[in-house]
């Protein structure tokens, strides 16, 4: 069984496009969990609107006390009953075969790093206003155009294994639940933006889980958003946590998912 976990924070207009793309999937996930890092009632209203459209849709919410992406991911994973987990951001509009190709490429002892197609600010505004998500290789206003190709055969030629945490992006990633539990999930010592994905991947690699970069499948279109102004300040502290994990060759974090799980799951 496969779960799609969608992280979000106060951007319901983008999340609506993502949920519309979930409705169009050629193979639907067994569960869809909205991992909500403290959004206002507008997001809750939106999720309720889609409850009757998407099977097994859950809204996992936590209080807004600052950027706590690791915590809300852990809570959503703990709620899921599925063996395989696909994690995306709440501004990633999915190609119709996104879930299908992720499932087809799931492999024991591997996690998958997907790629993304970047949308311009102008195209993003237009898409939100018109509620249109018919993006493709020839769409105007996209970069990383090569990533918009969806071909199972070509993907076999260009998808590769990697052996480090470089260019890790949690906006399109898939892994086995048992591997997440083995390393105690995402490290909740990260409470500001940045490096939580990299540190998570370092521990997966340290635990012997291999990485594969998927290309030309699991296609997703990343809606434009401005960069956070406070990134550099937060990254200084988070870089230190990441470096400690690398130097110590750590497999598990202390402040992780185990606090949300029954003792029988550990």
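All of the numbers you see were taken from the coordinates with simple rules; none came from a lab. Owing to the predicted nature of the structure, the values given are computational and were not obtained by experimental measurement. Here Cβ is always computed from backbone atoms with ideal geometry, including for glycine, and neighbour counts include all displayed protein chains.
Taking every alpha-carbon pair under 8 Å whose residues sit at least 6 apart, the stretch 1-130 reaches a relative contact order of 37 percent. Under the simplified labelling scheme, the residue 49-residue 157 pair shows an inter-label distance of 4.3 nm, with each label point 7 Å from Cα along Cα→Cβ. For the stretch 109-174, the calculated P(r), taken from all Cα-Cα distances in 10 Å bins from zero up to the bin holding the longest distance, is 17, 41, 30, 11, 0 percent. Seen from every direction in turn and averaged, the convex hull around the alpha carbons of the stretch 26-143 projects onto 8.8 nm². Note on residue 146 and residue 13: the model spin-label points, each 7 Å out from Cα along the C-beta direction, lie 3.3 nm apart.
By the beta-carbon count within 10 Å of each Cβ, the least crowded to most crowded order of 124, 236, fewest first, is 236, 124.
Packing-based ranking of 47-60, 81-94, 158-171 yields 81-94, 47-60, 158-171, ordered from highest to lowest mean Cβ neighbour count within 10 Å. Considering only Cα atoms, the convex hull volume of the chain works out to 125 Å³ per residue.
Using the average count of surrounding beta-carbon atoms within 10 Å as a protection proxy, the listed peptides 144-151, 104-111 rank, highest first, as 144-151, 104-111. Model label sites at residue 130 and residue 103, defined 7 Å from Cα along the beta-carbon direction, differ in position by 3.2 nm. Distance between the C-alpha centres of the stretch 48-65 and the stretch 94-123: 22 Å, rounded to the whole angstrom. Arranged from fewest to most other beta-carbon atoms within 10 Å of their beta carbon, 152, 190 become 152, 190.
At 222 nm, what value in deg cm²/dmol follows for the chain if DSSP H runs of at least 4 each add -39500 (n - 2.57) and the sum is divided by all its residues, to the nearest 500? Could you put the intermediate results ahead of the total?
On the way: 9 runs with 92 residues, N = 266.
Helix contribution divided over all residues of the chain: -10000 deg cm²/dmol.
Divide the volume of the convex hull around the Cα atoms of the stretch 73-219 by the residue count and you get 127 Å³ per residue. Going by neighbour counts of Cβ atoms within 10 Å, the residues 204, 46, 24 line up, fewest first, as 24, 46, 204. When you restrict to C-alpha pairs under 8 Å that are six or more residues apart and normalise by the size of the stretch 2-265, the relative contact order lands at 25 percent.
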